[in-house]
1. Can you tell me which residue is surrounded by the fewest Cβ atoms within 10 Å (Cβ to Cβ) among those in segment 46-78 that are of a type in the set (Ser, Thr, Tyr) and either within 20 Å of Val90 (Cβ to Cβ) or free of Cβ contacts under 8 Å to residues at least 12 places away in the same chain (or both)?
2. Which of the residues belonging to segment 231-240 are in a helix (DSSP H, G or I) and either within 21 Å of Lys415 (Cα to Cα) or open to solvent by less than 60 Å² (accessible area, probe 1.4 Å) (or both)?
3. With respect to Thr96, is the statement that it is within 25 Å of Phe346 (Cβ to Cβ) and hydroxyl-bearing (Ser, Thr, Tyr) true?
4. Being under 20 Å from the mean Cα position of the chain (by Cα) and either of a type in the set (Phe, Trp, Tyr) or in a helix (DSSP H, G or I) (or both) is the filter here, so list the residues in segment 241-272 that pass it.
5. Please count how many residues of segment 305-351 are outside any helix (DSSP H, G or I), open to solvent by 10 Å² or more (accessible area, probe 1.4 Å) and hydrophobic (A, V, I, L, M, F, W, C).
6. Among the residues that make up segment 364-381, is at least one of them of a type in the set (Asp, Glu), within 17 Å of Arg258 (Cβ to Cβ) and more than 19 Å from the chain's Cα centre (by Cα)?
7. Of all residues being open to solvent by less than 50 Å² (accessible area, probe 1.4 Å) and touching a Pro at 6+ places or on another chain (Cβ under 6 Å) in segment 352-370, which is farthest from Trp310 (Cα to Cα)? Just the residue, please.
Amino acid sequence: MAGLPDSLSGQDVGFVSLSSSVGNLSFAYLTIKDRIPQILTKVIDTLHRHKSEFFEKHGEKGMEAEKKAISLLSKLRNELQTDKPIVPLVEKFVDTDIWNQYLEYQQSLLNESDGKPRWFLSPWLFVECYMYRRIHEAIIQSPPIDDFDVFKESKDQNFFESQQSIIALCTYLQELMKTIEDLEDNQLKDEFFKVLQISLWGNKCDLSLSGGDTSSQKTNIISSLKDLKPFILVNDMEHLWSLLSNCKKTRERASITRVDIILDNSGFELITDLVLADFLLSSKLATEIHFYGKTIPWFVSDTTIHDFNWLIKQLKHSNHKWMSKCGVNWENHIKMGRWVYLDHMFWTLPHEFSAMSQVAPDLHAELQKAHLILFKGDLNYRKLTGDRKWEFTIPFHQALNGFHPAPLCSIRTLKAEVQVGLQPGQAEQLSASDPSWMTSGKYGIFQFDGPL
């Protein structure tokens with residue numbers, strides 16, 4: 001790890017960016033101090049509100065389990081707010097040993113005077129992931145409610161509150177499907193850029209950023225694309241078109257072009273990703289899409305297999321004809337094997353992606369089979385770059401620290417104080433005109449690292 005910049009952490013009380021004004025509180029510090037306790041409070045409240053449901057389903061055992069889970073989560077909140085040492089996981093689960101080994105590794109990085117890893121001392125990426133893993137531990141330690149998704153309610157709410165935007169997207173897609181085979185190359189390219197931008201701005205809907213409060217999409221994203229274009233800070237869409245259109249032209253009749261999408265949020269963002277995936281198949285820019293989601297509820301709104309299946313079912317049973325048509329088509333893609341949903345415990349570990357080949361060699365080998373990997377959202381970007389204090393102009397390839405299973409692209413709106421690959425002076429200009437540019441979700445990137 002020699003030569004890499006330090007990790008972002010809650011120790012950074014002042015804004016860490018080189019170009020920032022002095023005296024601002026860092027986003028990492030505010031997340032650990034305010035946002036994470038707020039999310040824990042909401043989780044506890046969610047369990048309280050489902051008390052009668054647990055009783056109806058499980059009787060007294062359900063009531064006891066709810067009390068136990070709340071007690072464990074209250075203890076966790078107290079540990080966090082008083083900056084207690086981070087403790088090993090105790091409940092046996094598929095990833096428990098790997099987590100505890102990683103905690104030992106964090107301990108090994110500290111000086112003796114630092115003592116044990118703590119909430120405000122340790123890397124922000126680690127402690128934030130650890131908090132969500134501890135929420136899961138509290139639930140699995142509390143049978144018979146051990147399969148309860150504490151975030152499901154807010155994920156579903158995001159979907160229902162975004163209905164008008166979802167209708168607009170499904171209508172747009174189905175209208176496009178009628179003519180897609182007749183489009184000239186330059187028209188197809190324009191439509192490809194459009195669905196990419198829809199997927200980018202869909203990433204604004206992040207419940208962990210809003211502390212679990214609603215963050216639905218209420219405006220028609222398609223009509224906003226032109227106005228949003230100046231807010232794309234790194235725009236490598238041309239590289240994506242070049243790669244995939246070349247695959248299409250040179251593909252043998254029976255061969256495959258596979259695009260992997262590493263998903264972020266459920267709800268509206270997932271719809272935008274599925275619209276992109278459907279377009280890739282219909283345009284023949286790809287023949288197969290692999291989606292990767294999370295194995296456990298994660299960062300409030302991240303997609304699990306239950307969210308993925310639930311959302312497609314909701315569309316299929318919608319009384320709006322184009323929503324329903326999307327649901328039917330998407331279910332068919334799954335049945336025919338053109339869409340494949342996968343998950344892997346690595347996505348809910350605290351490791352940066354440069355460690356994947358050691359920690360999850362099976363996943364790394366699988367990703368190497370893709371022609372292109374799209375990494376959606378902020379957490380994936382933080383893990384791609386190691387969530388470090390990189391200078392803004394450092395090349396993306398360098399920040400990836402050797403991680404390159406296949407050509408890859410980050411599609412994210414900025415919600416954390418890490419960004420690389422900018423032009424000289426670009427960050428300073430942004431900081432002068434908009435001090436919160438790195439964390440507001442207002443700006444976006446398509447950042448590509450191409451064939452080696």
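The values are calculated or read from the model by the stated rules, or taken from the named source; none is laboratory data. A quick note: this is a predicted structure, and the numbers were derived from the prediction, not measured. As a convention, Cβ positions derive from the backbone with ideal geometry for all residues, glycine included, and neighbour counts pool all protein chains shown. Side chains included, ligands, DNA and RNA excluded: accessible areas come from the protein's heavy atoms. Shrake-Rupley method; radii C 1.70, N 1.55, O 1.52, S 1.80 Å.
1. Checking each candidate, the answer is Ser52.
2. Hits for segment 231-240 are Phe231, Met237, Leu240.
3. yes
4. Phe268, Glu269, Leu270, Ile271, Thr272 - these are the residues of segment 241-272 that are under 20 Å from the mean Cα position of the chain (by Cα) and either of a type in the set (Phe, Trp, Tyr) or in a helix (DSSP H, G or I) (or both).
5. 3
6. yes
7. His364
Okay, residues lined up against (1) modelled with pLDDT of 95 or more; (2) among the aromatic types (Phe, Trp, Tyr); (3) over 29 Å from Asp343 (Cβ atoms); (4) open to solvent by 30 Å² or more (accessible area, probe 1.4 Å):
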| position | (1), (2), (3), (4) |
| --- | --- |
| Asn220 | no, no, yes, yes |
| Lys229 | yes, no, yes, yes |
| Ser245 | yes, no, yes, no |
| Val259 | yes, no, no, no |
| Asp264 | yes, no, no, no |
| Leu270 | yes, no, no, no |
| Ser283 | yes, no, no, no |
